[in-house]
Amino acid sequence: MLGVDLGQGLNVSRMGYGAMALSHVYGAAPEREAAIRTLNGALDAGVSFIDTADVYGEPRPGASGPAGTNEELVAAVLAERRDEVQLATKFAITGDPDRPVRGDAAYVQEACEQSLRRLGVETIDLYYMHRRDLERPITETVEAMAALVQQGKVRHLGLSEVTADELREAHAVHPITAVQSEWSLWSRDVEAKVVPACAELGVGFVPYSPLGRGYLTGTLTRVDVESSMRKGQARMDAHFDENQAVVDVVRGVAEDLGATAAQVALAWLLSQGDRLDLPVVPIPGTRSLERVIENAASVDLRLDDDQLARLDGAAELVQGSRNISADPRWVSSGRE
């Protein structure tokens, strides 16, 4: 798979992989051996941009702080194939209900050192602030992250779910390589301000949940919703039936192309990057190696103007907010 310069000289595979799917958020986690096979299979398929976070994974009984078990899972592959991976991980979500997000300098340093230990590496290629600590200036957090670059522990800095103004503030302190936020056919709020700011500053965009947490694939059932973190999310719970109209549009284009709905949804995102003039590298997550290979093939799918117009119109059919938290400030659109 051809690579792309995400930003600041960080070259990554055109399609990434979100390793969160290998933990418990979509039901019981797969067996460790099966998860490692999927990760190795992703690398074999040319998907070398692997995304994880310190908070992903099943919390240990009695333990405090981020779970870290997803990073430990990724470490099993890094031990043998570190040179093949562009590694991204994140900090800031603490797992502590009394202080759910931290961006103070002491925590930034501690979180990075813990991630390095769990991952078994000396340097993280791309280190994200997972969520904004609203109790302190973003510049304070980014200054602490920049110190990690100076220490050789991190190569590139990223931010997740920031507003356009927050991105500009952060970028003035230290160059930001990528912004990671939800972006897909049915989650397009970032196109109003954040995406243009990224294009202006030369910052790449890494869409998480590019398949709408599986909904846009057309394979999701109500049982899947009830048994995972999707439960309670209005789009897939209260509006499950209404939003099938969105899937119908994607399926229609897929049938024209002899492709899958997932491939069409991912190809649309890649096309958006071209249309909006910035590098876009989606990170779909799946437990199935077959789906990894299917998703990777979307980089070769081309959509014509009519198909793009049909897909663009699907956003107008969406019922329900994308926010998964009761606090609207949890995502960038709640603070714009």
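Some notes on this structure:
- Residue check, VAL250 modelled with pLDDT of 95 or more and assigned to a helix (DSSP H, G or I): yes
- Filtering the stretch 1-16 to residues that are of a type in the set (S, T, N, Q), outside any loop (DSSP other than H, G, I, E, B) and open to solvent by 20 Å² or more (accessible area, probe 1.4 Å) leaves only ASN11.
- Qualifying positions in the stretch 220-245 - within 19 Å of ARG322 (Cα to Cα), part of a helix (DSSP H, G or I) and either open to solvent by 70 Å² or more (accessible area, probe 1.4 Å) or in contact with a His (Cβ under 8 Å, 6 or more places away or on another chain) (or both): ARG222, GLU226
- Test: residue in the stretch 17-27 that is small (Gly, Ala, Ser), at pLDDT below 90, assigned to a loop (DSSP other than H, G, I, E, B) and open to solvent by 60 Å² or more (accessible area, probe 1.4 Å): no
- In the stretch 246-268, the residue that is farthest from GLU294 (Cα to Cα) out of those that are over 22 Å from the mean Cα position of the chain (by Cα) and open to solvent by 40 Å² or more (accessible area, probe 1.4 Å) is ASP248.
- Residue list for the stretch 155-190, restricted to those being over 27 Å from GLY218 (Cβ atoms), open to solvent by 40 Å² or more (accessible area, probe 1.4 Å) and in contact with a Lys or Arg (Cβ under 9 Å, 6 or more places away or on another chain): ASP165
- The C-beta contact set for the stretch 265-281 (first residue of a type in the set (S, T, N, Q), second residue open to solvent by 10 Å² or more (accessible area, probe 1.4 Å), distance under 7 angstrom, 6+ apart or interchain) comprises SER271/LEU303; SER271/LEU308.
- Candidate set: the stretch 66-85, residues that are touching a residue at least 40 places away in the same chain (Cβ under 8 Å) and not hydrophobic (A, V, I, L, M, F, W, C); chosen: the one most open to solvent (accessible area, probe 1.4 Å): GLU84
- Yes/no for GLY204 being in contact with a Phe, Trp or Tyr (Cβ under 9 Å, 6 or more places away or on another chain) and touching a residue at least 40 places away in the same chain (Cβ under 8 Å): no
The values are calculated or read from the model by the stated rules, or taken from the named source; none is laboratory data. Keep in mind it's a predicted model, so treat the numbers as computed, not measured. In this analysis, Cβ positions are derived from the backbone assuming ideal geometry, glycine residues included, and neighbour counts consider all displayed protein chains. Note: accessible area is taken over every heavy atom of the protein model, side chains too, but ligands, DNA and RNA are not part of it. Shrake-Rupley method; radii C 1.70, N 1.55, O 1.52, S 1.80 Å.
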